[in-house]
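Undergrad: Before I ask anything, here is the structure I am working with.
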Amino acid sequence: MELLRTPDERFENIIDFPYEPRYMNIDDIRIHYVDEGPKDAEVVLLMHGEPSWSFLYRHMIPILVKAGLRIVAPDLVGFGRSDKPTKQEDHTYAKHVKWMTKLVEQLDLKRITLFCQDWGSLIGLRIALENQDRFSRIVLSNGGLPTGEQGMTDAFLNWRKFSRESPRFDISFIVQGATTTKLTEEVIKGYDAPFPDDTYKAGARILPSLVPISVDDPEHEANKKALELFGKWKKPFLTAFSDSDPVTRGGDVPMQQYVPGAKGQKHTTIKDAGHFVQEDKGPELAALIIEFIKDNPI
């Protein structure tokens, strides 16, 4: 597997992101993660999606740390400060689940509250449901666990087509198109930092095509099994979808009805927020996570 590593100078002076980079080698791939807060505290695992990186959580990390929580925010392989396979075929759904599972295991994370969105949910939910002893709670935002049996929105199918066919694939432009907030030049620099040129974008290009959209998908069975486990999940489960995301709008209600642990929770619709709800309403999300943890002690 040929890997690229984004030069460190690309990440110098990134706005509102002063965190010490930490790395772990998994299958000869260097994976970056943020690890802040007391090491003996309950863990909040923040899983980003496509095509962002842990920078997406910059508005949430300090609030969660101030609340006494340990925050772990990894960069998926191919994103952020993690190494980037140059070939699209080096990325599979199963590999991404394996890589992030190994990170959780090697850090020996326990008492985890998972917050996941976009591909962070496709990967994070699989990890949580396949390693339930490590996880105490789940917060799902603008994501899900598709098996290929559910219908996909036109917005997602258009995005999938764009990611495969568009000659230009500007990361900050994509993020801006999925937020309600006008991104500043400094924030645009932050989202573009991991990708000096198109050779670094194999993962960002291919991930939309790895979402199961038919029962013939190689991950159909694995996700179906995970979804069956979700139907037995009795630990606290909360949805926090936004009101302005055409890709996942409406996906929260079936989960609230299906997951036993959702009963009696304060499910929330985040107002005036797009797909990247962390960018639009990060502090509100952080406060919601803190309240959820306090309302549902271990």
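Undergrad: Output yes when any residue across the stretch 249-260 is among the hydrophobic types (A, V, I, L, M, F, W, C) and surrounded by fewer than 20 Cβ atoms within 10 Å (Cβ to Cβ), and no when none is.
TA: Checking the stretch 249-260: at least one residue is among the hydrophobic types (A, V, I, L, M, F, W, C) and surrounded by fewer than 20 Cβ atoms within 10 Å (Cβ to Cβ).
Undergrad: Does the stretch 209-221 hold any residues that are buried (at least 20 other Cβ atoms within 10 Å of the Cβ) and touching an Asp or Glu at 6+ places or on another chain (Cβ under 7 Å), and which are they?
TA: Within the stretch 209-221, 212 is the sole residue that qualifies.
Undergrad: Continuing with the same structure: Within the stretch 60-74, take every residue that is in contact (Cβ under 8 Å) with a residue 40 or more places away in the chain and under 16 Å from residue 291 (Cβ atoms) and give me the one that is nearest to the chain's Cα centre (by Cα).
TA: 60
Undergrad: Only one of (1) surrounded by 15 or more Cβ atoms within 10 Å (Cβ to Cβ); (2) farther than 21 Å from residue 202 by Cβ fails for residue 110. Which number is that?
TA: For residue 110, the failing item is (1).
Undergrad: A follow-up question, please. Take the stretch 23-51 and flag every residue that is within 21 Å of residue 174 (Cβ to Cβ) and in contact with a Leu (Cβ under 9 Å, 6 or more places away or on another chain).
TA: Of everything in the stretch 23-51, those that are within 21 Å of residue 174 (Cβ to Cβ) and in contact with a Leu (Cβ under 9 Å, 6 or more places away or on another chain) turn out to be 46, 47, 48, 49, 50, 51.
Undergrad: Go through (1) surrounded by fewer than 16 Cβ atoms within 10 Å (Cβ to Cβ); (2) in contact (Cβ under 8 Å) with a residue 40 or more places away in the chain; (3) over 20 Å from residue 47 (Cα atoms) and name the single condition residue 287 misses.
TA: Of the numbered conditions (1) surrounded by fewer than 16 Cβ atoms within 10 Å (Cβ to Cβ); (2) in contact (Cβ under 8 Å) with a residue 40 or more places away in the chain; (3) over 20 Å from residue 47 (Cα atoms), the odd one out for residue 287 is (3).
No lab work stands behind these numbers, since they all come straight from the coordinates. All values reported here derive from a predicted model rather than from experimental measurement. For neighbour counting, all protein chains shown are included, and Cβ atoms are generated from backbone atoms with ideal geometry for every residue, glycine included.
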